[in-house]
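Novice: My questions will all concern the structure given below.
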Amino acid sequence: MKVTAAALVASLGPAAAFVSTSSFAPRTAQGAGVRHASPLQMSIAVFGASGLLGSEVTYQALQRGEDVIAFLRDPSKLVVPAGSGGPDAGKPLKSDKLKVVQGSVVSYDDVTKAFAGGDVTGVVVALGGKTKDVGKTMLTDGTSNIIKAMKANGVKRIAAVTSIGAGDSENQAPFFFKVLMFTVMKNIFEDKNNQEALFTRGPGSDLEFTIVRPGGLTVEPPTGVINVISGEAGSISRADVADFCLGAVLEEGFPYLRKTPCISSVGGTSWTKDRSAAARGGM
């Protein structure tokens, strides 16, 4: 992503196109592009690294040449993602620049292990899971631990992924999704709202945070174009969300610091929630 271009389009109106212009080309079935490393070597801690989004962040950061600390509950689930992985998708994700830390995000002692090397320069929070499996307050409790550990180690940059409809973006969610937010997804959105409040009016307010609110998530390859919108959200691939998150923690002049951008893909406001087996990690 190129900051100057992004800053320009951010001023154009409700649907500014955030264009990725780095050397990581969108993948096709035949192969993949590769990002070059940042001018200054970074070490990125990814929380929720084995999830569909977290694995995209981890993989793309490694493709850029960055060092990555992958924090997760089950190391066996860390695989090359479907969106960016091309023919390698589903294979174990391994690299000499990858450090895996196993633990629970609701344990502060576990979270501190990710910062033990003293080299973390940025954090991406891509936590997820069903409420019945992870608890009603996992997002809030886990993110609170991450913020505490960041402050203890002098780390400032963080991108936290929540959802369209969270915080003050309720009216950017399609009607049918609003219905879910106030019914079957009520508990998870209460947790997401409290998670965001940690940054907007809580202990993380002095960090260089970006709260990322994506629309309907898919497992498609990256498009390289991200719409930062003020209207109703559309769909977006997890690969593009990951690219946006990496910009938030790697780029010095990232234009959405201390902001809560809602993002969707090139497709505009069409909403496609991918509910295929692949989108659910094969479940």
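The values are calculated or read from the model by the stated rules, or taken from the named source; none is laboratory data. Computed from a predicted model, the values in this text were never measured in an experiment. Neighbour counts are summed over all protein chains in view; Cβ atoms, including those assigned to glycine, are modelled from backbone coordinates with ideal geometry.
Novice: Among the residues of the range 92-109, which ones are closer than 15 Å to A149 by Cα and touching a residue at least 12 places away in the same chain (Cβ under 8 Å)?
Specialist: Once the filter is applied, which keeps residues that are closer than 15 Å to A149 by Cα and touching a residue at least 12 places away in the same chain (Cβ under 8 Å), the range 92-109 yields V101, G103, S104, V105, V106, S107, Y108.
Novice: Let me spell it out: the conditions are (1) within 25 Å of D240 (Cβ to Cβ); (2) outside any loop (DSSP other than H, G, I, E, B); (3) more than 17 Å from the chain's Cα centre (by Cα), and D109 meets all of them except one. Which number is the exception?
Specialist: (1)
Novice: Do the conditions hold for A15, that is, is it hydrophobic (A, V, I, L, M, F, W, C), at pLDDT below 95 and touching a strand residue (DSSP E or B) at 6+ places or on another chain (Cβ under 7 Å)?
Specialist: Judged against the criteria, A15 is a match.
Novice: Taking S23 and the conditions (1) modelled with pLDDT of 95 or more; (2) over 27 Å from D141 (Cβ atoms); (3) surrounded by fewer than 17 Cβ atoms within 10 Å (Cβ to Cβ), which numbered condition does it fall short on, given that it satisfies the others?
Specialist: It fails just one condition, (1).
Novice: So, one more: For the range 110-142, name all the residues that are among the hydrophobic types (A, V, I, L, M, F, W, C) and without any contact (Cβ under 8 Å) to a residue 40 or more places away in the chain.
Specialist: Initial filter on the range 110-142 (among the hydrophobic types (A, V, I, L, M, F, W, C)): 111, 114-116, 120, 123-127, 134, 138-139.
Scanning the range 110-142 gives A116, V134.
Novice: Here are the criteria: (1) surrounded by fewer than 24 Cβ atoms within 10 Å (Cβ to Cβ); (2) in contact (Cβ under 8 Å) with a residue 24 or more places away in the chain; (3) outside any strand (DSSP E or B); (4) out of contact with any Phe, Trp or Tyr (no Cβ under 7 Å at 6 or more places or on another chain). Tell me which single one Y59 does not satisfy.
Specialist: Result: Y59 fails condition (1) only.
Novice: I'd like the residue in the range 200-242 that is among the acidic types (D, E) and closer than 22 Å to A173 by Cα and, out of all such residues, is modelled with the highest pLDDT. Write out each step before concluding.
Specialist: Step one: list which residues in the range 200-242 are among the acidic types (D, E), which gives 206, 208, 220, 232, 240.
Then drop every residue that is not closer than 22 Å to A173 by Cα, which leaves 220, 232, 240.
Numbers: E220: 93, E232: 84, D240: 96.
Among those that are among the acidic types (D, E) and closer than 22 Å to A173 by Cα, it is D240.
Novice: Next up: Between a residue in the range 186-198 that is touching a residue at least 60 places away in the same chain (Cβ under 8 Å) and any residue that is buried (at least 17 other Cβ atoms within 10 Å of the Cβ) and not in a helix (DSSP H, G or I), which pairs come within a Cβ distance under 7 Å, given they are 6 or more apart or on different chains?
Specialist: E196/T162; E196/A166; E196/I211
Novice: Tell me yes or no: at least one residue of the range 84-98 is part of a loop (DSSP other than H, G, I, E, B), under 14 Å from L246 (Cβ atoms) and touching a helix residue (DSSP H, G or I) at 6+ places or on another chain (Cβ under 8 Å).
Specialist: no
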